[in-house]
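Below: one structure, written as structure tokens.
The values are calculated or read from the model by the stated rules, or taken from the named source; none is laboratory data. Small disclaimer: the values here were computed from a predicted structure and weren't measured. Reconstructed Cβ throughout: ideal geometry from the backbone, glycine too, with neighbour counts over all protein chains shown. Only protein heavy atoms, including side chains, enter the accessible area calculation; ligands, DNA and RNA are left aside. Shrake-Rupley method; radii C 1.70, N 1.55, O 1.52, S 1.80 Å.
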Amino acid sequence: MSQVEDGTVAAIERVNWTEITPQALYNKLQSLASNLWWSWHPEVVSLFRDLDPVRWRQLDHNPIALLAEMSPELVAERAGEMVMYTRINQAHRRLKDYMADVHQTWGGIHAGVLGSKPVAYFSAEFGIHESVPIYSGGLGVLSGDHIKSASGLGVPLVAIGLFYDQGYFKQHLNGEGYQQEEYLDTKVDNLPMEAATGPDGKPISVTIDTRDGTLLAKVWLMHVGRVKLYLLDCDVEGNSPQDRELTSRLYGGDRRTRIRQELVLGVGGVKALRALGITPGCYHLNEGHSAFAPLEVIRERMEGDGLSFDDALRDVAQHTVFTTHTPVPAGHDRFDAALVEEHLGPLRDHLGISHEQLMGLGRVEPQNEHETFCMTVIGLKLSRRANAVSSLHGHVSRRMWAHLWPWRVEEEIPIGHITNGVHIPSWIAQPMQQLFERHLGQGWRLRLEEPEVWNKVYTIEPGELWETHHALKSRLLEFVRRRLSRQCRRRNEDETAVEAARSALDPSALTIGFARRFATYKRADLFLRKLDEIAELINDPERPVQFIFSGKAHPADEGGKSFIKKIAQLRRDPRFAGRVVFVEDYDINVGRHLTQGVDVWLNNPRRPLEASGTSGMKVILNGGLNCSILDGWWAEAYNGRNGFAIGNGTQHVDDNITDERDAENLYNVLAYEVVPTFYDRDADGLPSKWINMMIESIATLAERFSSHRMVVDYVRHCYVPAAGGLSSDMP
Ligand SMILES: *Cc1c(COP(=O)(O)O)cnc(C)c1O
């Protein structure tokens, strides 16, 4: 660089220094940090990371916590060193433009009827980013992706959830591989939340009467792009010490805690909307946890408009959409009559119905006194539109609930399906985004719902795709090694163990990832049934294979915990040491690294118990291939060329036989399809057949299994008709 150019650069920087005071710069960063929009914009994420990469990691990628540790002067100094002024200004302007853009969006055109009457989307958990720990797993991540896409599409939608100040647990394994749970208090000041205020500008709160006293909740507001997420929190003065902890933990406590949480979410959520001055055109109940909500809306309609209970119910159901996620009968929330009466008694008085009538709404057979109150049943009865989350799950759900409509044949059971999807900008790695930018055209990120964009995937140059994938894989292995050595240090293991962890895994070996909740039906232990054969695959000197596992078991699930222990203990077996590893504390961060870097994503649930599954969809975007049982989403995604199928989509009536057969099928597909295809290299050293499968997978699946497509489906088939617009039927 010449003297003159040098001087020019310095001059530009001097101008920036004087134009923007440290405080102004700091304020801009704070306003970026206060809307979770930043979390799906890698260029904004890197702004925060660049301020202090080490603290950024240590603080769970929380920009508010990071800024709180830095003075405006220090931030300005770091930003000056990094020449970040322009980037900060640009990001800030982009957020402002985005927030102002509402009327030029897809939603502005296609969801106009919702403009003054938005969708109210209820969910017990929201997984938006690892720094906001109010989710436990798939359901939460789905809700997070749903509202991010609603924001991106400009669909008028507000979201309602609970604020858990201890969230879900942190997982560590002890020396034996047994799961330990640790609950940490989240610092409210470090979260992008503020007190929600009503039309008068005052913070709102809600009260809910039970037979046993009144429950209070305050309401937080979180900005997720254009979507406002309201979170109810029972940790308020006026509640008993026990009730102040009611919303501390996700899915913690006994049945009574559970029904009280669900009362706060459903009934409290509707009251919060009322206090906020919001009149929804459509209520979307994401899973049964919030299914008390329509009862409170019925009360509003009866008291506001003088309707009878039956008329109000019909009217409210017309505006209500219910999504079921659970294909196992035992997985549905149920409460006994005493708990229902204690918590819904006062509301029932307002509705003018008897205890038996109320119980009947939660029963398949209303008169059957032996039947408990089921949240899915009331959800189905109080909604005019109901859906499952994949095509196969639709069939399973219609069969499971057929006896609610005994006069109908199974095909006419009114439960359709809208298959889940993932939020592409949140799950695609930046290098892959850049590759897409080059081949799919500028602005592809804003046209995610257009299939034409995705046809251009076939023009991607194979070598370029492979290189990009490889860079991501290296990044994953680095991440895993860092985590493994940290795990060893935490367990006070010796330096040899730490050293071994640092050199675990081989960057050129076929890398298979498996990360999910360790619910037993997901069968993380399936490969253990063929352990010796798998050991041979792993140790093949020419064509080695390695596995990365991660996932939490529910604290009460000893079966799931024993799977974790068995897998973690494999590191003691020389055949598996450094080749089968377990990464602790699966969360959105771990999930992002794994789905962005693996060659193959393994999914082997016991069919048909996986309603949809979404982690495999994240893999597609990053060039990984799915190898899965034909269950959930994969049953409708697999075309014979875009990944691998384990088995042929059948199951035996005897689970043991099914498991044995699937273990055999798993081994066969790995040994005879996955491994040979991966290691079949052409003259340039590229696995051309494999790369073609990567391209086929992106081209045929990325758009179909995106949450933009999913939200568009909900708008067309559910939200708009529910709000009184033109009707179109669900598949
Ligand atoms: C995507 C995701 C899930 C959902 O994965 P499944 O395929 O449904 O098992 C769960 N947890 C986290 C952290 C995720 O990112």
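For the chain, the membrane-span-like helices by this rule, meaning whole DSSP H stretches whose C-alpha atoms cover at least 20 Å of axis and whose Kyte-Doolittle mean is -0.5 or above, are 3-19, 138-153; this says nothing about an actual membrane. Per residue, the solvent-accessible area of the stretch 7-100 (1.4 Å probe, heavy atoms of protein chains only, all protein chains present) comes to 49 Å². Among rounded, prolate and oblate, which fits the chain when a ≥ b ≥ c are the square roots of the eigenvalues of its C-alpha gyration tensor, a/c under 1.5 means rounded, and a/b larger than b/c means prolate? Taking the square roots of the gyration eigenvalues as a ≥ b ≥ c, the chain is oblate.
Near Asn626, the amide H atoms lying under 5 Å from its own belong to Trp601, Phe644; only residues 5 or more places off or on other chains count, and H is placed 1.01 Å from N. Contact order, relative form, for the chain: 13 percent (alpha carbon pairs under 8 Å, 6 or more residues apart, mean separation divided by residue count). For the stretch 7-100, a/c is not less than 1.5, where a ≥ b ≥ c are the root eigenvalues of the C-alpha gyration tensor, and a/b does not top b/c. That puts it in the oblate class. Once you divide the Cα radius of gyration of the stretch 186-225 by 2.2 N^0.38 Å, the number left is 1.46. Annotation: peptides 525-536, 127-138, 88-99, 690-701, ranked by per-residue average of other Cβ atoms within 10 Å with the highest first, follow the order 127-138, 690-701, 525-536, 88-99.
Within straight-line reach of Lys522, meaning a Cα separation under 20 Å, sit the following lysines at least 8 residues removed in sequence or on another chain: Lys530, Lys552, Lys561, Lys565, Lys566, Lys618.
Considering only beta bridges that DSSP places wholly inside the chain, some 35 percent are antiparallel.
Spin-label pair Glu69-Gln367: with each label point 7 Å from Cα along the Cα-Cβ axis, the two points sit 6.7 nm from one another. Across all directions, the average flat footprint of the convex hull enclosing the Cα atoms of the stretch 445-544 is 10.8 nm². Loop-located trypsin sites (Lys or Arg not before Pro) in the stretch 123-216 (DSSP state not H, G, I, E or B) with no more than 13 neighbouring Cβ atoms inside 10 Å: Lys187, Arg211. For the stretch 445-705, the mean projected area of the C-alpha convex hull, equal to one quarter of the hull surface, is 14.4 nm². In whole percent, and with a 1.4 Å probe on the protein chains, what portion of the accessible area of the chain is carbon and sulfur? Carbon and sulfur atoms account for 49 percent of the accessible area of the chain. Each peptide in 74-86, 489-501 gets a packing score, the mean of other Cβ atoms within 10 Å over its residues, and the list from highest to lowest is 74-86, 489-501. Each Lys or Arg adds one and each Asp or Glu takes one away; over the other residues whose Cβ falls under 13 Å from the Cβ of His393, this sums to -1. Look at the alpha carbon pairs under 8 Å that are at least 6 residues apart: their mean separation over the length of the stretch 445-705 gives a relative contact order of 22 percent.
How big is the gap, in Å, between the Cα center of the stretch 121-191 and the Cα center of the stretch 637-667? Computed from Cα coordinates, the inter-centre distance equals 32 Å. Going by the alpha-carbon gyration tensor, a ≥ b ≥ c the square roots of its eigenvalues, is the stretch 296-404 rounded (a/c under 1.5) or, if a/c is not under 1.5, prolate (a/b greater than b/c) versus oblate? Oblate, since a/c reaches 1.5 and b/c is not below a/b. Sorting 413-422, 680-689, 569-578 by their mean Cβ neighbour count within 10 Å, with the most densely packed peptide first, gives 413-422, 569-578, 680-689.
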